[in-house]
Amino acid sequence: MNQRFRITRSMQENSTEPSITLDECKEYFAAKADFSYSDTLTVKGPESIMTINGDFFMWQLGEAQIPFRLYSGDLYVAVSHEAVVPQMLEIATDLQADIVEG
């Protein structure tokens, strides 16, 4: 099972912008060539397909797509590949946010 992490500013007392906004994410990820925005995530299982609505910033990692989901002012990502960790750290640093597990 993958660990899930949250990129958040909610723990910062002096933050002028406690939430990470959709506009901020769209601008930030638009500058990254290997990211694209999607308002749905489709998960294919062996016997079914599930579609989840939301704000997803999809990171193209080789053949895989890793979703970073914006939800309630935080970005969530599951560490499904070792390359996700440095990417997650870079995003948190750039957005002046913290990383918490869960």
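The values are calculated or read from the model by the stated rules, or taken from the named source; none is laboratory data. Quick caveat: nothing in here was measured; it's all calculated off a predicted structure. Please note: Cβ atoms are built from the backbone with ideal geometry, for glycine as well, and neighbour counts cover all protein chains shown. Keep in mind that these areas ignore ligands, DNA and RNA; they rest on the heavy atoms of the full protein, side chains included. Shrake-Rupley method; radii C 1.70, N 1.55, O 1.52, S 1.80 Å.
Search the range 20-42 for residues being among the hydrophobic types (A, V, I, L, M, F, W, C) and part of a loop (DSSP other than H, G, I, E, B), and hand back the single one that is nearest to the chain's Cα centre (by Cα).
Initial filter on the range 20-42 (among the hydrophobic types (A, V, I, L, M, F, W, C)): 20, 22, 25, 29-31, 33, 35, 41.
Next, only the ones that are part of a loop (DSSP other than H, G, I, E, B) stay: 20, 31, 33.
Values: Ile20: 11, Ala31: 15, Ala33: 15 Å.
Applying the filter and picking the extreme gives Ile20.
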| said: Suppose we filter Ala83, Ala97, Ala31 for residues that are in contact with a Lys or Arg (Cβ under 9 Å, 6 or more places away or on another chain) and of a type in the set (A, V, I, L, M, F, W, C); which single one remains? | reply: Ala97
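In the range 43-88, how many are touching a strand residue (DSSP E or B) at 6+ places or on another chain (Cβ under 7 Å), more than 14 Å from Thr8 (Cβ to Cβ) and either assigned to a helix (DSSP H, G or I) or of a type outside the set (D, E, K, R) (or both)? Break it down stepwise before answering.
Of the residues in the range 43-88, the ones touching a strand residue (DSSP E or B) at 6+ places or on another chain (Cβ under 7 Å) are 43, 49-59, 65-71, 74-81, 83-85, 87-88.
Those left that are additionally more than 14 Å from Thr8 (Cβ to Cβ): 43, 49-59, 65-67, 78-81, 83-85, 87.
Then keep just the ones that are either assigned to a helix (DSSP H, G or I) or of a type outside the set (D, E, K, R) (or both); that gives 43, 49-54, 56-59, 65-67, 78-81, 83-85, 87.
Qualifying residue count for the region: 22.
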| note | Of the residues in the range 52-99, those that are in contact (Cβ under 8 Å) with a residue 60 or more places away in the chain, more than 22 Å from Thr42 (Cβ to Cβ) and open to solvent by 40 Å² or more (accessible area, probe 1.4 Å) come to Asp94, Gln96, Asp98, Ile99
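Going by the conditions given, is Ser10 in contact (Cβ under 8 Å) with a residue 60 or more places away in the chain, within 14 Å of Ser72 (Cα to Cα) and part of a loop (DSSP other than H, G, I, E, B)? I'd like the intermediate steps shown before the answer.
Details: in contact (Cβ under 8 Å) with a residue 60 or more places away in the chain: yes; within 14 Å of Ser72 (Cα to Cα): yes; part of a loop (DSSP other than H, G, I, E, B): yes.
Yes; evaluated as a whole, the condition is true for this residue.
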